[in-house]
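The values are calculated or read from the model by the stated rules, or taken from the named source; none is laboratory data. It should be emphasised that the depicted structure is a prediction, and the values quoted were computed from it without experimental measurement. Here the Cβ is made from the backbone with ideal geometry for all residues, glycine too, and neighbour counts use every protein chain on show.
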Amino acid sequence: MQHLITLADIADGGFAEAEATLDGDAESVILHRDGDQVRAWLNVCPHAGRRLDWAPGQFLKSKEGLLVCAAHGASFELANGECVAGPCRGSSLQAIALSIVDGNVLLAKHRPA
Ligand code: FES
């Protein structure tokens with residue numbers, strides 16, 4: 001399993017970015033920590049396919065606790081990656097399955113369908 005980051009390297013409630021090899025391609029992944037859990041999505045906005053961070057690993061979070069795409073402001077729920085405001089409302093980020101083992105955040109073998 002690919003090691004992406006350690007849990008301690010992500011502030012609780014914050015974000016990080018990591019490179020992962022998915023289906024043989026290097027992809028940027030958004031990581032969001034929520035206590036002892038980490039959620040991950042492809043760093044590709046469903047609106048126009050841009051990265052969501054304004055600089056590598058620097059993601060915007062709204063006052064309402066939404067992840068905001070730096071390109072045109074699409075806002076995503078952190079629970080499920082769904083866009084709830086902005087130009088791609090109703091679309092979702094593509095989730096990436098993770099495993100957390102001994103404080104290490106690992107890419108799970110199989111991607112969710
Ligand atoms: S590419 Fe993310 S809002 Fe346009």
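Scanning the range 42-59 for residues that are surrounded by 15 or more Cβ atoms within 10 Å (Cβ to Cβ) and either under 16 Å from residue 99 (Cβ atoms) or over 12 Å from the mean Cα position of the chain (by Cα) (or both) turns up 46, 47.
Condition test on residue 25, is it out of contact with any Ser or Thr (no Cβ under 9 Å at 6 or more places or on another chain), away from the ligand (no atom under 15 Å from the Cβ) and at pLDDT 95 or above? Here the answer is no, as residue 25 does not meet what is asked. Taking only the range 55-113 into account, find how many residues are more than 16 Å from the ligand (Cβ to nearest atom), among the polar types (S, T, N, Q) and in a loop (DSSP other than H, G, I, E, B). Going through the range 55-113 one residue at a time, the tally reaches 1. Looking only at residues in the range 83-93 that are within 14 Å of the chain's Cα centre (by Cα) and buried (at least 16 other Cβ atoms within 10 Å of the Cβ), the one that is nearest to residue 40 (Cα to Cα) is 93.
Which one of the conditions (1) part of a loop (DSSP other than H, G, I, E, B); (2) free of Cβ contacts under 8 Å to residues at least 40 places away in the same chain; (3) surrounded by 13 or more Cβ atoms within 10 Å (Cβ to Cβ) does residue 33 fail to meet, given that it meets all the rest? Failed condition: (1). Scanning the range 41-54 for residues that are more than 17 Å from residue 10 (Cβ to Cβ), near the ligand (Cβ under 10 Å from one of its atoms) and either hydrophobic (A, V, I, L, M, F, W, C) or in a strand (DSSP E or B) (or both) yields 44, 45, 48.
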